[in-house]
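The values are calculated or read from the model by the stated rules, or taken from the named source; none is laboratory data. All of these numbers come straight from a predicted model, not from anything done at the bench. Here the Cβ positions follow ideal geometry from the backbone for every residue, glycine too, while neighbour counts run over all protein chains shown. In case anyone asks, the SASA skips ligands and DNA or RNA and just uses the protein heavy atoms, side chains included. Shrake-Rupley method; radii C 1.70, N 1.55, O 1.52, S 1.80 Å.
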2 protein chains.
Amino acid sequence: MSLNDETLQELKSELLDELEKETPSKSLLAERLAEIRSADIGEVLEEMIEEDEELTAALTVLDILSTERAANVLGYLPGESQLEVVGELSDAQVLTLLEEMGSDERVDLFNLLGEDRREALLRRMARQEREDLKRLASYQEGTAGAIMTSDYVAIASGMTVSQALMRVRQTAPDAETVYQLYVLSLEGELIGTMSLRQLMVARPGAVVDDIMIKDVIRAAVDEAQEEVARIVARYDLLALPVIDTDNRLVGIVTHDDAMDVAESEATEDIHKGMSIGQLEDGVSRVPLWSLYRKRVTWLVLLVFANLFSGAGIAYFEDIIAAQVALVFFLPLLIGSGGNAGAQAATLMVRGMATGDVGVKDWSKMLGRELLVAGSLGLTMAIAVTPIGIMRGGDAVAAIVALSMVTIVLFGSLMGMCLPFVLERFKVDPATASAPLVTTLIDATGVLIYFTIATAILAQVSG
Amino acid sequence: MSLNDETLQELKSELLDELEKETPSKSLLAERLAEIRSADIGEVLEEMIEEDEELTAALTVLDILSTERAANVLGYLPGESQLEVVGELSDAQVLTLLEEMGSDERVDLFNLLGEDRREALLRRMARQEREDLKRLASYQEGTAGAIMTSDYVAIASGMTVSQALMRVRQTAPDAETVYQLYVLSLEGELIGTMSLRQLMVARPGAVVDDIMIKDVIRAAVDEAQEEVARIVARYDLLALPVIDTDNRLVGIVTHDDAMDVAESEATEDIHKGMSIGQLEDGVSRVPLWSLYRKRVTWLVLLVFANLFSGAGIAYFEDIIAAQVALVFFLPLLIGSGGNAGAQAATLMVRGMATGDVGVKDWSKMLGRELLVAGSLGLTMAIAVTPIGIMRGGDAVAAIVALSMVTIVLFGSLMGMCLPFVLERFKVDPATASAPLVTTLIDATGVLIYFTIATAILAQVSG
């Protein structure tokens, strides 16, 4: 069964108890660890590594595991923890671990190392290995190339089904997946694909070229990783092949890595929705200085944007001074407009990210928002009217109710349209964050509220 | 290659052009459709069905496809579109389609139908089929039971490797995946699992019980679907077996369905972050009335919460009347506090959802936020000071700068703590939405601002 937090804590103290003994029993530990899944050992080690005094314990645990297992566990650790471990190991030890890691994880770790260490390790590698690592390490972060693995099963064009099955059995121990196979021409071009399932039910003497699917869904090596995840999800793929500009197969992105990308992309989108820049690690681990930087940019920009609200208020200073009761409703009105507008913007941004809403749907979305936001505004105006009467009498109630409808309607339409406008100008629609939208609506709301107030008060007194 | 929006539009008009001819060539259409993937045909049909006058065209396309293909395409349509199609078909036609669908998609469609239709269809089914469908349809939405499929490959305990391989070949056409196999006892209990890869490299005469993994990661049938997705992602599974209370295997959730769940859960979280309730369909398709309902609840609640800000302002009416310039900075200060607080809350809520932050991390997070929010507050105070001097002189500048630091710091800490407090009281931490957090900070900000203003102005004039 999968472990929950509590059992993980128990496992951790159990391991620490044994390790803190004068002569810990390695065989007992090995036996216990054999029952635990790599992902779970990884989580326990991650916590140990965070506590400096437990780093040695973590290293002992890795040492007890077989190299293959240790490499596997290491792959589950966040980059920072990997670095701490690797910092304590000799080049020879690191090399053995790197060899056992999947090619995608090997590159990730390699890219984290300092240049000196990288050079030292490269010098000790066989030529073929070195070239492969250098090539994979050269792909830009956030692209298909950076998340793919080169441990795929390639079948040569012209092979028979039974030859292909033999090849699958041979490569099974090293390949990331053996369930989707790729047929290559002599030049290494990707010319077809087939599933192991297809292969197993095919006639053993048939040639793979006759049973493969020729129209292969594929991604270019510089394709954005979120697009890779989207394709894997859309076509329910086990793995997506990645090709270079000459249509040569250079790697595959497996479903589990695509799922990890989708999760981190969702996190990024959620953070962007609050004007937080892309964090390079989880919020509990990212350096404070980086967290500050990723939050401060928009906060300061929005301070200045907020000055427009102030300017609006300054412009209407006379009417405010004459009727201070109006200030009572100011946070309420601009807050409500901001909330409704942020909702509208978020619905569009997420709809665009999942492919539910396209640029061409703009007018349809506008019509829908007009109806929904109008109803929302009316409901909220009705809710606020009694309070308006109580605090300021009929005139103020009328001002507040009318302002509420207008601000909510206007704010929602602004929030809804902004992502489309951004997309149109090739800016990420997710820039239409809640803070940006509410700030814009604050300023607009001030103008609407006091304009309506001026008009109605002039009417009443006139 | 995967199709983009533009090519999909072209494909759609191509199909419509042919279908609008007096005698459309079915063989030509069939040939063209054979080249297109089911997911892409689904997307084109979805658009056709949305346009009422193209519904017939969509039906013709489905009719041209083989039943297997049509069932497959139907599975890619959103529920609403499926209903429109099924509404035009006879019971016999629906039955044939249902038979060809995967068991999970079959149940989803079945659950959407009206009771009369369901009864009519059940009456025409074979007993075994009927029982299976009724059982699957009885699981509550949002649980493992509701997203699992019963089309898995079961291996009987005691079988040899070659018998098991034979079984894989036999079930290959119908099973959702043949790459992960489940070993069952005579009573149907799940006692082990193995991958097809393991099976292929094992000695043909070996008994499966000797090579299977006995400690199977599994989920209970009433486990929440987001937990299912999390387990699949955490352990990089191809499929997660689902068991009933007697440990009997009742279904599996495959990686692609887990990925879909993860996506819709992310959407739900993003919407919740703006106080939008769970939508039953994409934002472009959900009925307007439902969209209104899911947005209005919190908006109206927050109108009343916003009254606290108003009450704060009313309490300080005298100082406002005496120094109207203070109102200039009001939206700026409470807006900034709200933005910083919403950031802090969002970081925690997402951290908790991905498992990066646990309840036990509370004090560590508080310490980190104290430092980051303090720095943010100082930066923003520095940014706003010159404007304070320009608009109101030294005293106002001091009030505004001091208020900024206090409000940003206080707001961020509130935003950060709220998700932990909610979690502690077993309320979904995602309830700490941006609108809720900003509204709370608005009220607090008003109090902080005018309290500081009163104190400093008394000092200056005194």
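Looking only at residues that are within 7 Å of chain A (Cβ to nearest Cβ) and of a type in the set (A, V, I, L, M) in the range B:338-347, which one is surrounded by the most Cβ atoms within 10 Å (Cβ to Cβ)?
For the range B:338-347, the residue satisfying everything is B:Ala340.
Given the residues A:Asp132, A:Asp116, A:Asp108, which is the only one that is within 22 Å of the chain's Cα centre (by Cα) and in a helix (DSSP H, G or I)?
Step by step, each of A:Asp132, A:Asp116, A:Asp108 is checked, and only A:Asp108 is within 22 Å of the chain's Cα centre (by Cα) and in a helix (DSSP H, G or I).
Is there any pair linking a residue in the range A:209-232 that is under 20 Å from B:Glu35 (Cβ atoms) and touching a residue at least 12 places away in the same chain (Cβ under 8 Å) to one that is open to solvent by less than 40 Å² (accessible area, probe 1.4 Å) and part of a helix (DSSP H, G or I), with Cβ under 8 Å and at least six apart or on different chains, and which?
A:Ile211/A:Val161; A:Ile211/A:Leu199; A:Ile217/A:Ile231; A:Ala219/A:Ala144; A:Ala219/A:Val228; A:Ala219/A:Ile231
Tell me, please, whether a residue that is open to solvent by 70 Å² or more (accessible area, probe 1.4 Å) and free of Cβ contacts under 8 Å to residues at least 12 places away in the same chain can be found in the range B:69-87.
Checking the range B:69-87: not a single residue is open to solvent by 70 Å² or more (accessible area, probe 1.4 Å) and free of Cβ contacts under 8 Å to residues at least 12 places away in the same chain.
If a residue has to be free of Cβ contacts under 8 Å to residues at least 12 places away in the same chain and in a helix (DSSP H, G or I) to count, how many in the range A:272-306 make the cut?
9
Out of A:Ala233, A:Ala146, A:Ala164, A:Ala229, report the one residue that is open to solvent by less than 10 Å² (accessible area, probe 1.4 Å), within 30 Å of A:Asn111 (Cβ to Cβ) and assigned to a helix (DSSP H, G or I).
The match here is A:Ala229.
Please state which of the following conditions A:Arg350 fails to meet, knowing it meets all the rest: (1) open to solvent by 30 Å² or more (accessible area, probe 1.4 Å); (2) within 13 Å of B:Val283 (Cβ to Cβ); (3) among the charged types (D, E, K, R).
It is condition (1) that A:Arg350 fails.
Return yes when B:Asp257 is more than 7 Å from chain A (Cβ to nearest Cβ), buried (at least 22 other Cβ atoms within 10 Å of the Cβ) and part of a helix (DSSP H, G or I) and no when it is not.
When the stated conditions are applied, B:Asp257 passes them.
Output the residue which, of all residues in the range A:149-161 that are assigned to a loop (DSSP other than H, G, I, E, B) and either among the acidic types (Asp, Glu) or free of Cβ contacts under 8 Å to residues at least 60 places away in the same chain (or both), is farthest from A:Glu105 (Cα to Cα).
A:Gly158
Among the residues of the range B:286-318, how many are surrounded by fewer than 16 Cβ atoms within 10 Å (Cβ to Cβ) and more than 7 Å from every other protein chain (Cβ to nearest Cβ)?
Number of matching residues: 10.
May I ask you to list pairs of residues, at least six apart or on different chains, whose Cβ atoms are under 8 Å apart, with the first in the range B:97-118 being over 14 Å from B:Ser138 (Cα atoms) and open to solvent by 10 Å² or more (accessible area, probe 1.4 Å) and the second being of a type in the set (Ser, Thr, Tyr) and part of a helix (DSSP H, G or I)?
Pairs that qualify, where the first residue is over 14 Å from B:Ser138 (Cα atoms) and open to solvent by 10 Å² or more (accessible area, probe 1.4 Å) and the partner is of a type in the set (Ser, Thr, Tyr) and part of a helix (DSSP H, G or I), are B:Leu97/B:Thr67; B:Glu100/B:Thr67.
Being within 10 Å of chain A (Cβ to nearest Cβ), open to solvent by 10 Å² or more (accessible area, probe 1.4 Å) and on the phi > 0 side of the Ramachandran plot narrows it down to one of B:Gly355, B:Gly367, B:Gly335, B:Gly374, so name that one.
B:Gly355
Go through (1) closer than 27 Å to B:Ala258 by Cβ; (2) more than 8 Å from chain B (Cβ to nearest Cβ); (3) outside any helix (DSSP H, G or I); (4) of a type in the set (A, V, I, L, M, F, W, C) for A:Val250 and report which single condition fails.
(1)
If you check A:Ala220 against the conditions, is it over 15 Å from the mean Cα position of the chain (by Cα), more than 8 Å from chain B (Cβ to nearest Cβ), open to solvent by 10 Å² or more (accessible area, probe 1.4 Å) and of a type outside the set (Phe, Trp, Tyr)?
yes
Could you list, in sequence order, all residues of the range B:377-395 that are over 47 Å from the mean Cα position of the chain (by Cα) and either touching a residue at least 40 places away in the same chain (Cβ under 8 Å) or open to solvent by 70 Å² or more (accessible area, probe 1.4 Å) (or both)?
B:Ile389, B:Met390, B:Arg391, B:Gly392, B:Asp394, B:Ala395
Being of a type in the set (Gly, Ala, Ser) and within 34 Å of the chain's Cα centre (by Cα), is that true of even one residue in the range A:401-413?
Within the range A:401-413, one or more residues are of a type in the set (Gly, Ala, Ser) and within 34 Å of the chain's Cα centre (by Cα).
Can you go through B:Ala219, B:Ala175, B:Ala262 and tell me which one is at pLDDT below 95, farther than 17 Å from A:Tyr179 by Cα and out of contact with any His (no Cβ under 8 Å at 6 or more places or on another chain)?
It is B:Ala262.
Mind listing whichever residues of the range B:201-211 are buried (at least 18 other Cβ atoms within 10 Å of the Cβ) and either closer than 15 Å to B:Ala144 by Cβ or modelled with pLDDT under 95 (or both)?
Within the range B:201-211, just B:Ala202 meets the criteria.
Provide a single number: the residues in the range B:319-329 that are at the interface with another protein chain (Cβ under 7 Å from one of its Cβ atoms) and either more than 21 Å from B:Gly388 (Cα to Cα) or open to solvent by less than 10 Å² (accessible area, probe 1.4 Å) (or both).
Total meeting the criteria: 3.
Quick one: is B:Ala398 open to solvent by 10 Å² or more (accessible area, probe 1.4 Å) and either over 22 Å from B:Pro429 (Cβ atoms) or in contact with a helix residue (DSSP H, G or I) (Cβ under 6 Å, 6 or more places away or on another chain) (or both)?
Judged against the criteria, B:Ala398 is a match.
Considering only the range A:408-429, state which residues are within 12 Å of chain B (Cβ to nearest Cβ) and closer than 24 Å to B:Ile441 by Cα.
The answer is A:Val408, A:Gly411, A:Ser412, A:Gly415.
Scan the range A:409-428 and give yes if some residue there is surrounded by 23 or more Cβ atoms within 10 Å (Cβ to Cβ) and not in a helix (DSSP H, G or I), otherwise no.
Looking through the range A:409-428, none of the residues is surrounded by 23 or more Cβ atoms within 10 Å (Cβ to Cβ) and not in a helix (DSSP H, G or I).
Can you pull out every residue in the range A:167-187 that is open to solvent by less than 20 Å² (accessible area, probe 1.4 Å) and under 13 Å from A:Val250 (Cα atoms)?
A:Tyr182, A:Val183
Quick one: is B:Thr267 more than 7 Å from chain A (Cβ to nearest Cβ), of a type in the set (Ser, Thr, Tyr) and at negative phi?
no
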